[in-house]
1. Say whether the condition of being open to solvent by less than 40 Å² (accessible area, probe 1.4 Å), at pLDDT 90 or above and either within 30 Å of Pro125 (Cβ to Cβ) or touching a strand residue (DSSP E or B) at 6+ places or on another chain (Cβ under 9 Å) (or both) is met by at least one residue in the stretch 32-47.
2. May I ask you to list pairs of residues, at least six apart or on different chains, whose Cβ atoms are under 6 Å apart, with the first in the stretch 62-76 being without any contact (Cβ under 8 Å) to a residue 40 or more places away in the chain and part of a helix (DSSP H, G or I) and the second being acidic (Asp, Glu) and surrounded by 16 or more Cβ atoms within 10 Å (Cβ to Cβ)?
3. Do we find that Glu209 is at pLDDT below 85 and either surrounded by 14 or more Cβ atoms within 10 Å (Cβ to Cβ) or not in a helix (DSSP H, G or I) (or both) in this structure?
Amino acid sequence: QKLKDEDPVEAMELLEIVLRAGAAEHEENALALVRDLRRKQSQIRDLTAEADKAMADGQPEKALEAWRGVLRVIPRHGTALEQAQKLEQFIEDFQRRWAEAIHLMDRAQFEEANKQLRDCLELIPQREETNEMLKTCRRRAEKFVAAFNQASSSAKQTLLLDAQKYANIALSQAPESPAALAFADELSKTLKRTEQLVNHAYSQLPRAEF
């Protein structure tokens, strides 16, 4: 009874020994258990094959669900417990690296983000989504650098509205970039001071003597 929830193969072997030994008082229960274990063993073979295929296809989440399916059939199945634990850690590591890559891109730390995505690709080479995110990372880096450089250049030429436009483009690619946020904040203050000076100048026009 204990083994049927841990190792159905070993449980069936023991039951077959019982049947061969001619233990008549246990024969009915033993036969029922053997039939049940054979059915469960067939389910486990299918689920194990599903898990293997999912891993080959780069789908660890689907593989984990298959191993959890084994555990629903045999709650203390040794291999399933081990594989489920390994996959949970594997998926957690992948998701942590993926989330960190997104965070790094938002901060304009594109080289570090690229490294995290490369690690993700090494973990699951078949996942096309990672290749697409690597391309996105490169595109965002290029757009950010170009826009931020243009914003800086415009600010030096006192083309403040142009500088603001390019700063906003840079922030659209890296909304948490400390450098871009500081630049935009300082630019906003400069524009406000400029507006105040212009308004003051206009207010003095009626009293001006030409």
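The values are calculated or read from the model by the stated rules, or taken from the named source; none is laboratory data. The shown structure was predicted, so the numbers you read here are calculated from the model rather than taken from an experiment. A quick note on method: Cβ atoms are made from the backbone with ideal geometry, for glycine too, and the neighbour counts reach across all protein chains shown. We work out accessible area using only protein heavy atoms, side chains counted, and drop any ligands, DNA or RNA first. Shrake-Rupley method; radii C 1.70, N 1.55, O 1.52, S 1.80 Å.
1. yes
2. Filtered contacts from the stretch 62-76: Ala66/Glu50.
3. yes
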